[in-house]
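Sharing a structure with you now.
The values are calculated or read from the model by the stated rules, or taken from the named source; none is laboratory data. Quick caveat, the model's predicted, so the values are computed rather than measured. Backbone-built Cβ (ideal geometry, glycine too); neighbour counts: all protein chains shown. These area figures cover heavy atoms from the full protein model, side chains too; ligands, DNA and RNA do not enter into them. Shrake-Rupley method; radii C 1.70, N 1.55, O 1.52, S 1.80 Å.
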There are 2 protein chains.
Amino acid sequence: MPESFTPRQALQRARHDPQPLDANDWRGVIGAFTNGAFTDAQMAAWLMARVLHGISVDEAVALTDAMLHSGTQLTHKDSAAPVVDKHSTGGVADTTTLIVAPLVASVGLVMAKLSGGSLGHTGGTLDKLAAIPGFRTALNADTFLAQTRQIGVAIAAATRELVPADRLLYALRDHIELVDDTALIAASIMSKKLATGATHLVLDVKLGQASILGDDSKTRALAQLCVAIGKAHGRHVTAVLSDMNQPLGPAIGNALEVRAAIDVLAGRTFGRLGELSLKLAAELLHQTGVPFDTAYQQVSDALHSGAAIDRFAQLVAAQGGDATVVADPTAVLGLGEPVAVWAPSQAGTVTAIDTRRLGVLARELAGADMNLRAGLTTNLTLGMASDTVVVALYTDNPAQVAHATAVLDAAVEIADGPVQEPPLIQTVIR
Amino acid sequence: MPESFTPRQALQRARHDPQPLDANDWRGVIGAFTNGAFTDAQMAAWLMARVLHGISVDEAVALTDAMLHSGTQLTHKDSAAPVVDKHSTGGVADTTTLIVAPLVASVGLVMAKLSGGSLGHTGGTLDKLAAIPGFRTALNADTFLAQTRQIGVAIAAATRELVPADRLLYALRDHIELVDDTALIAASIMSKKLATGATHLVLDVKLGQASILGDDSKTRALAQLCVAIGKAHGRHVTAVLSDMNQPLGPAIGNALEVRAAIDVLAGRTFGRLGELSLKLAAELLHQTGVPFDTAYQQVSDALHSGAAIDRFAQLVAAQGGDATVVADPTAVLGLGEPVAVWAPSQAGTVTAIDTRRLGVLARELAGADMNLRAGLTTNLTLGMASDTVVVALYTDNPAQVAHATAVLDAAVEIADGPVQEPPLIQTVIR
């Protein structure tokens, strides 16, 4: 029983006993760590021992459950429609959430999305939405739930009441170099997703350049584990593993990505960004019992009919944003002209792209004061002729152009072609 | 090189690489932990990982060296005579230090003993000396060294400058349940001993009841490792493994043990306490090149000639104590009559003694204000007839007598005999 948890026994066992712990053991440890009865140093030693012994799938389920119970959980009892959510491991030029959220709402699902901070090399959804004048992401739980009932979609910042154990545990993991353990990552992701109360979840997992673990086989294992944890908690979970060896869409940077999302929603562009968005949305609809091909056709129709962009405008308006962004994103987002355009100096074929480095470059162009309108637009694709590449740079600081040029020269490899473009979707784990 | 130590790399390596670390690695970690660059939580995770991978003999040597270099070290450059030291893992009714120290000085060695705090179930040497009116154990390094040159013996409290890493590391080990790791114990013991600058060291290691690790084979391994560490540092080291299945001497408690030591030095008693003291002293003399039998005869002669007790009186006087304690210990130490005498209620043979429990009982009789004159005297020996047992209780608090009676009833097993008395010396590791 968790009541009988003592640091002494837990540490002795962690040191001497490689056998898996049960759900009560995990709840005892997480509870004591969260309330301070198990100190940082004790948890550090304990966690290192558990990681070295290896954390089983059942233990990852138990850890997720323990973390979930460290805080409050949202419930959507009144919702007639299935409540869905989406998690991304973080892509570059990847603004699928801004497309998928209104899209699934427009086909009758409820997207109740709570977002945390952004990852190191990618902008977070909240940063992107902050580029829309007036848009509020700080909603209290009642407002958030009411909006999901009214228009089927809300995107807000996760509150501190949700999975407080995750914040504490992540800070400790970062301090003791345990951020990249698969079981601990899976429990962190899934506890936060389960706490939002969604019954249907799609995981958008990136492989290749800019993958979360820097290694495709580990990333696949992470996706498998996340699906297993979600299913063990009675949720529908699908992981879509897609390629990130090239930028997903035509823009990297907060306001630039909002415009890219609107362009897809408005039917002005489509490309890989549009394709992945439809696949993710279709997987969520498929989870509710619709055959996949039918689901795909339904979301594709909603995109092309304008239903999805109408829902996006409602979302922006409901959260205080300037909904005219839909009609003229460039003007409303305050996007000017690029300060410079880069193109490769060599003739040849684009044979490799350091996608992660491009994500970091967009952040560098934003500068210390986080200029939301900075970044770059790109038509970079593997296998394209180098003389067709156009990368445009947006920044308040023209002194950054020389740096950006050097970064791009190194990040885009030009050699003799041809190069096969990798398939967009590599695996779907249902 | 230690200069290149980074917490991130050290933690990654501890997690992923079971290979032993080299001396520079250990010095880097201990240095960073001591100066705060490696936090408690980081060290906790790191140390747990290293313990789970297993710490080799070479690593224990390297750790000892790193700890040794965390503080100052004493040197005895001017000493014509070999400088010796003695460490005990902590016995019950064991006051050999008060006998061995003046004894080896009286045969021409220099005993420069710095003592730490006492262990859980045994009184420390400093507590015992504090029972002698006026005795000072807080000596600065110059005074301490001068006294060893003048009379060949000094016993003082270890200063904070000596092996500061050990205090920090022990506190952390205690906090994360790593106190009983053999390599960490050995490094802790040996770093403190090596720092006092002695070139010759005897380790008095207890087996059986009240052994340091509660397990004879682990305790033997610890003794082996301590000897190996000392030899790797160019010192003479001998471990004498002796039996602790019965109290070593006739008294447990600070002042009572001082009187017991004086009684041996004065030739009034001898017994197992006298025998072990001679063996330990002879081993030190043997290390300087004297054949063991000759060495034993020499220290035995020094005991019986009165040379040893004369040196004890000089030691007491040099450190401000009342040297008349030698002539009338009972009066000078303020020892009164026992408040009660216990004897077994059953007829039979003493077949087992919970020696550790008797040590704890002596502390309980001293009470919260640490009455130095409390404790018990005992003639308990395995195999003796129960009707010859006499245990006398000394305490300021007569209310403790009922508790002591219950403890003794449980701690002394009376059954049908006969029982073989275990040999005093079980192994000598040279």
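Among the residues of the stretch A:8-31, count how many are open to solvent by less than 50 Å² (accessible area, probe 1.4 Å), within 14 Å of chain B (Cβ to nearest Cβ) and farther than 17 Å from A:Ala60 by Cβ.
Within the stretch A:8-31, residues that are open to solvent by less than 50 Å² (accessible area, probe 1.4 Å), within 14 Å of chain B (Cβ to nearest Cβ) and farther than 17 Å from A:Ala60 by Cβ number 4.
Here's something else I'd like to know. Yes or no: B:Val264 within 16 Å of the chain's Cα centre (by Cα) and either open to solvent by 40 Å² or more (accessible area, probe 1.4 Å) or hydrophobic (A, V, I, L, M, F, W, C) (or both)?
no
Criterion first (basic (Lys, Arg) and either away from every other protein chain (no Cβ under 14 Å) or open to solvent by 30 Å² or more (accessible area, probe 1.4 Å) (or both)) does A:Arg50 satisfy it?
no
From the list B:Ser70, B:Ser118, pick out the single residue that is open to solvent by 30 Å² or more (accessible area, probe 1.4 Å), modelled with pLDDT under 85 and either more than 14 Å from chain A (Cβ to nearest Cβ) or in a strand (DSSP E or B) (or both).
B:Ser118
So which residues in the stretch A:252-277 are closer than 21 Å to A:Ala131 by Cα and assigned to a loop (DSSP other than H, G, I, E, B), if there are any at all?
A:Gly253, A:Ala266, A:Arg268, A:Thr269
This table checks each residue for (1) outside any loop (DSSP other than H, G, I, E, B); (2) within 30 Å of B:Arg259 (Cβ to Cβ); (3) in contact with a strand residue (DSSP E or B) (Cβ under 6 Å, 6 or more places away or on another chain); (4) basic (Lys, Arg).
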residue: B:Ala14; (1), (2), (3), (4): yes, no, no, no
residue: B:Gln19; (1), (2), (3), (4): no, no, no, no
residue: B:Val29; (1), (2), (3), (4): yes, no, no, no
residue: B:Leu52; (1), (2), (3), (4): yes, no, no, no
residue: B:Asp58; (1), (2), (3), (4): yes, no, no, no
residue: B:Val61; (1), (2), (3), (4): yes, no, no, no
residue: B:Ile99; (1), (2), (3), (4): yes, yes, no, no
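If you check B:Asp40 against the conditions, is it more than 10 Å from chain A (Cβ to nearest Cβ) and open to solvent by 10 Å² or more (accessible area, probe 1.4 Å)?
It is false that B:Asp40 is more than 10 Å from chain A (Cβ to nearest Cβ) and open to solvent by 10 Å² or more (accessible area, probe 1.4 Å).
If you take the residues of the stretch A:171-184 that are of a type in the set (Val, Ile, Thr) and either within 13 Å of A:Glu59 (Cα to Cα) or within 7 Å of another protein chain (Cβ to nearest Cβ) (or both), which of them is surrounded by the most Cβ atoms within 10 Å (Cβ to Cβ)?
Filtering first and then ranking leaves A:Ile176.
Residues in the stretch A:181-225 that are at pLDDT 95 or above, within 19 Å of A:Pro423 (Cα to Cα) and more than 14 Å from the chain's Cα centre (by Cα): how many?
Residues in the stretch A:181-225 being at pLDDT 95 or above, within 19 Å of A:Pro423 (Cα to Cα) and more than 14 Å from the chain's Cα centre (by Cα): 0 in total.
Collect the residues in the stretch A:101-115 that are in a strand (DSSP E or B), open to solvent by 10 Å² or more (accessible area, probe 1.4 Å) and at pLDDT 95 or above, keeping them in residue-number order.
Of everything in the stretch A:101-115, just one residue is in a strand (DSSP E or B), open to solvent by 10 Å² or more (accessible area, probe 1.4 Å) and at pLDDT 95 or above, namely A:Val110.
Out of everything in the stretch B:138-170 that is open to solvent by 30 Å² or more (accessible area, probe 1.4 Å) and among the polar types (S, T, N, Q), what residue ends up being farthest from the other protein chains (Cβ to nearest Cβ)?
B:Gln150
Also: Consider only pairs whose beta carbons are under 7 Å apart and that are at least six residues apart or on different chains; among these, list those whose first residue lies in the stretch B:155-179 and is without any contact (Cβ under 8 Å) to a residue 24 or more places away in the chain and whose second residue is surrounded by fewer than 17 Cβ atoms within 10 Å (Cβ to Cβ).
From the stretch B:155-179, the pairs are B:Glu177/A:Arg8; B:Glu177/A:Gln12.
Same structure again: Scan the stretch B:342-354 for residues that are at negative phi and touching a helix residue (DSSP H, G or I) at 6+ places or on another chain (Cβ under 8 Å) and jot them down.
Listed by number, the residues that qualify are B:Trp342, B:Ala343, B:Pro344, B:Ser345, B:Gln346, B:Ala347, B:Thr349, B:Val350, B:Ile353, B:Asp354.
Please go through (1) at pLDDT 95 or above; (2) facing chain A (nearest Cβ under 10 Å) for B:Leu63 and return the number of the only condition it doesn't satisfy.
Just one mismatch for B:Leu63, condition (2).
Residues B:Leu284, B:Leu256, B:Leu203, B:Leu273: which one is crowded, with 20+ Cβ neighbours inside 10 Å and touching a Cys at 6+ places or on another chain (Cβ under 6 Å)?
Criteria check complete, one pass: B:Leu203.
Tell me, which residue of the stretch B:227-242 that is among the hydrophobic types (A, V, I, L, M, F, W, C) and out of contact with any strand residue (DSSP E or B) (no Cβ under 6 Å at 6 or more places or on another chain) is least open to solvent (accessible area, probe 1.4 Å)?
B:Ile229
Here's another thing I want to ask about it. May I ask you to verify whether A:Thr75 is open to solvent by 10 Å² or more (accessible area, probe 1.4 Å), in contact (Cβ under 8 Å) with a residue 24 or more places away in the chain and among the β-branched types (Val, Ile, Thr)?
So A:Thr75 passes the test.
So, restricting to helices (runs of 4 or more DSSP H) that lie completely within the stretch A:325-430, which ones have at least 3 residues that are in contact (Cβ under 8 Å) with a residue 60 or more places away in the chain and open to solvent by less than 30 Å² (accessible area, probe 1.4 Å)?
A:355-366
Suppose we filter the stretch A:122-136 for residues that are surrounded by 20 or more Cβ atoms within 10 Å (Cβ to Cβ) and not hydrophobic (A, V, I, L, M, F, W, C); how many remain?
Going through the stretch A:122-136 one residue at a time, the tally reaches 5.
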